[in-house]
Every structure is written in C-alpha cells, then in structure tokens.
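Structure record follows, encoded as structure tokens.
Read the figures in this text as sums done on the coordinates, not as results from a lab. Remember, predicted model here, so these are calculated numbers, not experimental data. Cβ sites come from the backbone with ideal geometry, for glycine too, and all protein chains shown count toward neighbours.
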Amino acid sequence: MKKTIERKLATLAAAVAAAVVTASAQAQETKVTIAISGWTGFAPLTLAKEAGLFKKHGLDVTIKKIPQKDRHLAIASGDVQCAATTVETWIVWNANGVATTQIFQLDKSYGADGMVVKPNIQKIADLKGKTVAASAPGTAPYFTLAWFLRENGLSLKDVNIVNLEPQAAANAMIAGTGNLDAAMTYEPYLSAVRAKPEAGRIIATTLDYPMVMDTFGCTPKFLADNPKAAQGLANGYFDALEMIKADPKKSFEIMGADVKQTAEQFEASQKYLRWQDREANRKFFAGEHAAFSKKAADLLLEAGIIRQIPDLSKLADTRFIQ
C-alpha cells in the first residue's frame, strides 16, 4: 500500500514538473502576428508555422490572411507586428506614415504575376481606353499594371480601372463577367486562367517584366524590442526552404492545403517563382534592393500613388540574414 502511494506521488510529481517545464517554455515564446495573403510566394511562412519551425526558434506565430490593400491598416492598429508584401509596397506604407522595415526577401516572381486579356487584345498598347481589373492603389497588382503600361507607352490614365482582388479578377475573366478587357492577377489564381484559355490569354508576366519581388518586414518597434524574435522569423523561413528541398511532397501538401490546392497543384504553381535562400538574400540586399526601390519610388510618385518619397535608406535592416 505504502509503495503504491509512493509510486502515485512520484508520478504526480513528475507530471507537475513536466507541466511546469512546458508552461515555462510557452511563457518564453515570443508572440507575433503576421499578415499575408494566399500568394504562393508567402507559403513557406505557413509551412514554418505548421511544421513547428517557428516554434523551434521560440516563436508563437499567428498568421492572418489580410488583403494587401488593408495590411498596412492592421500594422498601424497594432493588430499585427509583421507582414509580407512586395518591395514597392513598403515604400507606399512608409510614405503614408506606417513605419515598417524589411528584414529578409521571400521570393522573386518568374511568371507568377501577370496580365490576362480577352482574345481580341493583341498587345498591351491595345488597352488604351479599355477596362482593366486590378487591386487597389498601393498594391502589387496595381503597381504591376502601372509598370506594364509604362513599358508599353501608356499610363494608368489611359485605361479604366476596376478594383478587384487577384482571385476575383481571375474568376471574372474566366466567367466573362464585369465587362473586363483585361485583369491583373497572380498565382495560384493565374494558373486557373492558364487552365481555361478560352477565357482569355496571358499577354505578359514577370518573365517579360521582372519587377515583382516580395520581402518580409516588421515595425521598427517590434525589431527594437524583439531582435531575437526577428532572427527567429528569418531562421524559420530559411528552415522552411530547407524542408521544401528535403521533403517536397510533404511541404507541398502543407502549403497547398492552406490555399485549397492539392500538393500537385501547388507544386505546379510554385514553378513560376523562386524562393530566396540566405545567400540569395545577401546578394539582393547588397545592391539590387536599393536600385529597384529607387526606380519603383519614382514610378509611384509619377503615378500619384505617393506624394513624396520616404527615406529609402531606412527601409531595410540586414542584420538577420547574415
């Protein structure tokens, strides 16, 4: 009887000790909320969360799907501390008083962003006076539209713009609704159009105009208060890229499930972009980031998306990719 009681007490003590250790570990995890969209390029962030890679680096990460046009509002309100978006969008946010700093690059688009047109449109210049669907000013699709038009002798003033998010824009072209002549969209929604050529054709992508690249950033306050957490976010992302290489099938399953795709569908959509590892990050921030930011800022100003160019030298902190 005495031994039974002793065994029960020992078991209870062990359980209590384990609970204390678990509670202590959880208490040490830094909570951080990240805003993203269903864009294929952001998927390694989801993988890092679902596979426990962020947790391994002491992070308790919450991911929120927030449209790009609203992401800066979530940051300004304090609802999220970090986000993923295109390089030029950080310029827009900072120009509008939402202080944010990029800490690592996520991906580069290699055909994953594009313009879909009706069969009667032969070239981009034919869109003068036509109706084009694109997300709101300050978003990647809107900026991509401005870039494509400028490269073909037109401006945003030469077309009628209907604001539709990338998925809705692709669906409208496929369904033939909205009286659209063209639409700006990206993967995985661009692949839906690829699968139905009768709905229209892809007239240009980032293979033709390589100008869409995504980075991850946080508020300056978060970075100042949580440098270890910021390092953990970068490390978790790079760990996710290693997992994709080591176990692509499982990785594609996890990432695809988040956007309601099979592993095979997700694998097909990710072929149109390149995720950027630590070495690629170092190369990018050594010069390309600054050069692109300058060109993008000039176009944003010209298009009236921003009223003044913010201090571009303060838009990136490269400590976490070394």
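Neighbours of Val92 by Cβ distance under 12 Å: Lys/Arg scored +1, Asp/Glu scored -1, total +2. Cβ-to-Cβ counts within 10 Å put Tyr142, Tyr186, Tyr209 in ascending order as Tyr209, Tyr142, Tyr186, the fewest first. DSSP beta bridges fully contained in the chain are about 60 percent antiparallel. Rounded to two decimals, the Cα-based Rg/Rh of the range 22-139, with Kirkwood Rh, is 1.08. Calculated on the alpha-carbon coordinates, the convex hull of the range 113-205 measures out at 75 cubic angstrom per residue. Legend: ranking of residues Leu154, Leu233 from fewest to most surrounding C-beta atoms inside 10 Å; resulting order Leu154, Leu233. Think of each Lys and Arg Cβ as +1 and each Asp and Glu Cβ as -1; about the Cα centre, that makes the dipole of the chain roughly 700 debye.
Straight-line cross-link reach from Lys314 at under 24 Å between alpha-carbon atoms covers these lysines, not counting any fewer than eight positions away in the same chain: Lys69, Lys108, Lys221, Lys228, Lys283, Lys294, Lys295.
Where a Cα-Cα gap under 12 Å defines reach, which aspartates and glutamates qualify for Lys250, not counting those fewer than 8 residues away within the same chain? Partners found: Glu50, Glu264, Glu267.
Working from the Cα coordinates of the chain, the gyration tensor eigenvalues give, after taking √(5λ), semi-axes of 41, 23, 16 Å in decreasing order. Of Phe104, Phe54, the sequence from fewest to most neighbouring Cβ atoms within 10 angstrom is Phe104, Phe54. Counted by Cβ distance under 14 Å from Lys260, the other residues give a net charge of -3, where Lys and Arg count +1 and Asp and Glu count -1.
Calculated mean residue ellipticity, 222 nm, the chain: -14000 deg cm²/dmol, from DSSP H runs (n ≥ 4) at -39500 (n - 2.57) each, averaged per residue and rounded to 500.
The residues packed around Val159, meaning those with a beta-carbon under 10 Å from its beta-carbon, carry a net charge of +1 if Lys and Arg are +1 and Asp and Glu are -1. Binning the C-alpha pair distances of the range 186-247 at 5 Å intervals from 0 yields a P(r) profile of 4, 12, 13, 13, 13, 14, 13, 9, 5, 3, 0 %, listed from the shortest bin outward.
Of all aspartates and glutamates in the structure, those lying under 12 Å Cα to Cα from Lys56, and not within fewer than 8 positions of it along the same chain, are Glu29, Asp239.
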